[in-house]
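Written out below as C-alpha cells is the structure these notes cover.
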Amino acid sequence: ILRGFGYPVDAIGNTNDGTIYPETLVIYTDSIYAGAAQDIVSEIGSGRVVNGGDYYSSNSDVIVIIGSDWSATD
C-alpha cells in the first residue's frame, strides 16, 4: 500500500517484541519526519502518529506497525 502511494519501503516483517498491538502506530524516529508520519496515517486511513525517537531504534525514518484495528479498504 505504501509503495502505491510512492513511499520507499525498506523492509516488511513482524515485530519480535511479543506485543499484540491493538492499534496501528506510525512512528517517526526524528521530528523532521513527523509530517511524513501524519501523511501516512492519512493515506492508509488509520493509525496514531507516535514520536518514537527515545523508544524505537531503526534505520528507517518512519516505522509502521499494523495493529488489530486496521483493515484494508478499497
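The values are calculated or read from the model by the stated rules, or taken from the named source; none is laboratory data. These figures come from a predicted structure and were not determined experimentally. Every residue, glycine as well, gets a Cβ built from its backbone with ideal geometry; the counts of neighbours run over all protein chains shown. Calculation scope for accessible area: heavy atoms of the full protein, side chains included, ligands and nucleic acids excluded. Shrake-Rupley method; radii C 1.70, N 1.55, O 1.52, S 1.80 Å.
General observations
- Once backbone amide H atoms are built at 1.01 Å from N, V49 has V26 as its partners under 5 Å, excluding neighbours fewer than 5 places away on the same chain.
- Accessible carbon and sulfur surface of the chain relative to its total accessible area, %, 1.4 Å: 46 percent
- The structure shown yields Kirkwood radius over Cα pairs in Å, and of the options (i) 11.8; (ii) 12.7; (iii) 13.4 that calculated value carries the label (ii).
- The helix-only estimate of mean residue ellipticity at 222 nm for the chain, built from DSSP H runs of length n ≥ 4 each weighted as -39500 (n - 2.57), is -4500 deg cm²/dmol after division by the residue total.
- Ranked packing of 53-61, 28-36, 11-19, most packed first, by mean Cβ within 10 Å: 28-36, 53-61, 11-19
- Stretchable slack from I1 to A36, in nm (0.36 nm times residue separation minus alpha-carbon distance): 11.1 nm
- Relative contact order %, the chain, counting alpha carbon pairs below 8 Å whose residues are six or more apart: 40 percent
- Accessible area (Å², per residue) of the chain, counting only protein heavy atoms and a probe of 1.4 Å: 71 Å²
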